[in-house]
Amino acid sequence: MRTGVNDRSDLPIALVIGGGGMGMSTARRLGQSHRIILASLTADKNPKREELLREDGIDATVTQCDITDPESVADLGRFVAERGQLRTLAHVAALSPATGDWRTVLTANLIGVTHIERMCLGLATQGTAAIFVSSLAAHRSDPPSDEIISVLDDPLAPDFFERLEALVPEQESVLAYRLSKFSVNRMCRRRASEWGARGARIVSMSPGLIATPMGAREFSGQSGELKRELLRSTPLQREGTMVETADAIEFLASERASFITGTDLLVDGGTLAAVR
Ligand SMILES: NC(=O)c1ccc[n+]([C@@H]2O[C@H](COP(=O)([O-])OP(=O)(O)OC[C@H]3O[C@@H](n4cnc5c(N)ncnc54)[C@H](OP(=O)(O)O)[C@@H]3O)[C@@H](O)[C@H]2O)c1
């Protein structure tokens, strides 16, 4: 018998994608009631992540996955299936506008998200819940035209970028971020019936301004002034914390959210209500 390994094979599996600030806080929280498989891009950082979660007494395995690579996502699906049934998916990974250009942001935040959604649907059974972390940015401006939406609805099409770029002349990372998050929320609405047919749920959770390393980078980047203006308008007059986003994800994953699917939960301290 092995000792010192936090073995909790009695617990259901939660797959958390993305080992950044919010991903780790989500893994810590879901690790109270699940066995954790955390998948993230940068292999070098993963042993430390596993060590930190295990130090908290969590049954955690951290593995490398590039969500933009279909083969890597298929490998992750097999990795999870070998370990048991998927109870919870928390997809947290994304590139911020400051960390990618137009194409790389759309590739990670929309194409990558779609690969994960398709793979996890294949693992979903009665009671599985999938939570996709989106953003207030999904809600901030008017929806794009119907023509653009129909392209965004099919991000795995081989000519996706050519069709999108013919319709969107200003190919900037901030717009890519907004369009990708708009599409994630839409994906959760459009795919609810497929998930429901398996007795499973799919929802998005849109955080507003949250104090994470990504959030801090954005305050000093291109959209810094816009973010400061949003913060000044926020009714609660502060950023949210990763504890508060973990609260929302934990609730959406739980039995208490058993009739919630195909929708979005906005966790923004009232920012959207104040600015729209
Ligand atoms: N912070 C905010 O204020 C805020 C506001 C609204 C929405 N959000 C959303 O909240 C989520 C988490 O934000 P955060 O602040 O925690 O960001 P973060 O610290 O930058 O973490 C993002 C993580 O995504 C992972 N990732 C990026 N590309 C990937 C890929 N191709 N394959 C697998 N993993 C990949 C990175 O992994 P590695 O570290 O392994 O490279 C990174 O750890 C994002 O969806 C973001 O859009 C954040």
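Points worth noting:
Each row is one residue, and each column tells you yes or no for (1) buried (at least 19 other Cβ atoms within 10 Å of the Cβ); (2) charged (D, E, K, R); (3) in contact with a Lys or Arg (Cβ under 8 Å, 6 or more places away or on another chain); (4) more than 16 Å from PRO12 (Cα to Cα).
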| position | (1), (2), (3), (4) |
| --- | --- |
| ILE36 | yes, no, no, no |
| SER40 | yes, no, yes, yes |
| LYS48 | no, yes, no, yes |
| LEU52 | no, no, no, yes |
| ALA60 | yes, no, yes, no |
| GLN64 | no, no, no, yes |
| GLU71 | no, yes, no, yes |
| LEU76 | yes, no, no, yes |
| ALA81 | no, no, no, no |
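- Verdict on SER135 being within 15 Å of the ligand (Cβ to nearest atom), under 25 Å from PRO207 (Cβ atoms) and part of a loop (DSSP other than H, G, I, E, B): yes
- Residue within segment 168-179 that is at pLDDT below 95, surrounded by fewer than 21 Cβ atoms within 10 Å (Cβ to Cβ) and either of a type in the set (D, E, K, R) or within 12 Å of the ligand (Cβ to nearest atom) (or both) present: yes
To keep it simple, each residue is scored yes or no on (1) closer than 23 Å to THR125 by Cα; (2) in contact (Cβ under 8 Å) with a residue 40 or more places away in the chain; (3) out of contact with any Ser or Thr (no Cβ under 6 Å at 6 or more places or on another chain).
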residue: MET1; (1), (2), (3): no, no, yes
residue: ASN6; (1), (2), (3): no, yes, yes
residue: PRO12; (1), (2), (3): yes, yes, yes
residue: ILE17; (1), (2), (3): yes, yes, yes
residue: ALA60; (1), (2), (3): yes, yes, yes
residue: GLY77; (1), (2), (3): yes, yes, yes
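- Matching residues, segment 217-241, being part of a helix (DSSP H, G or I), more than 8 Å from the ligand (Cβ to nearest atom) and not aromatic (Phe, Trp, Tyr): SER220, GLY224, GLU225, LEU226, LYS227, ARG228, GLU229, LEU230, LEU231, ARG232, SER233
- For LEU266: the one exception among (1) touching a strand residue (DSSP E or B) at 6+ places or on another chain (Cβ under 8 Å); (2) in a helix (DSSP H, G or I): (2)
- Top-ranked residue in segment 100-118 [being more than 12 Å from the ligand (Cβ to nearest atom), open to solvent by 10 Å² or more (accessible area, probe 1.4 Å) and of a type outside the set (Asp, Glu); ranked as nearest to LEU89 (Cα to Cα)]: ARG118
- Close pairs (6 angstrom Cβ cut-off, 6 or more residues apart or separate chains): under 17 Å from PRO207 (Cα atoms) in segment 166-192, assigned to a helix (DSSP H, G or I) and open to solvent by 10 Å² or more (accessible area, probe 1.4 Å) anywhere: VAL174/PRO97; TYR177/PRO97; TYR177/ALA137; ARG178/ALA137; LYS181/ALA137; LYS181/ALA138; PHE182/ALA138; ASN185/ALA138
- Residues of segment 1-27 satisfying the condition of being among the charged types (D, E, K, R) and at pLDDT below 95: ARG2, ASP7
- Residues located in segment 1-27, provided they are open to solvent by 10 Å² or more (accessible area, probe 1.4 Å) and among the hydrophobic types (A, V, I, L, M, F, W, C): MET1, VAL5, LEU11, MET22, MET24
- Search result, residues across segment 230-274 that are among the polar types (S, T, N, Q), under 27 Å from ALA14 (Cα atoms) and open to solvent by less than 30 Å² (accessible area, probe 1.4 Å): THR245, SER254
- When residues of segment 7-23 are limited to those that are out of contact with any helix residue (DSSP H, G or I) (no Cβ under 7 Å at 6 or more places or on another chain) and not in a helix (DSSP H, G or I), the one farthest from the ligand (Cβ to nearest atom): ASP10
- Single unsatisfied condition, SER135 versus (1) under 16 Å from the mean Cα position of the chain (by Cα); (2) open to solvent by 20 Å² or more (accessible area, probe 1.4 Å): (2)
The values are calculated or read from the model by the stated rules, or taken from the named source; none is laboratory data. Note that the structure is a prediction, hence the values are computed from the model and not measured. Every residue, glycine as well, gets a Cβ built from its backbone with ideal geometry; the counts of neighbours run over all protein chains shown. For accessibility, only protein heavy atoms count, side chains too; no ligands or nucleic acids. Shrake-Rupley method; radii C 1.70, N 1.55, O 1.52, S 1.80 Å.
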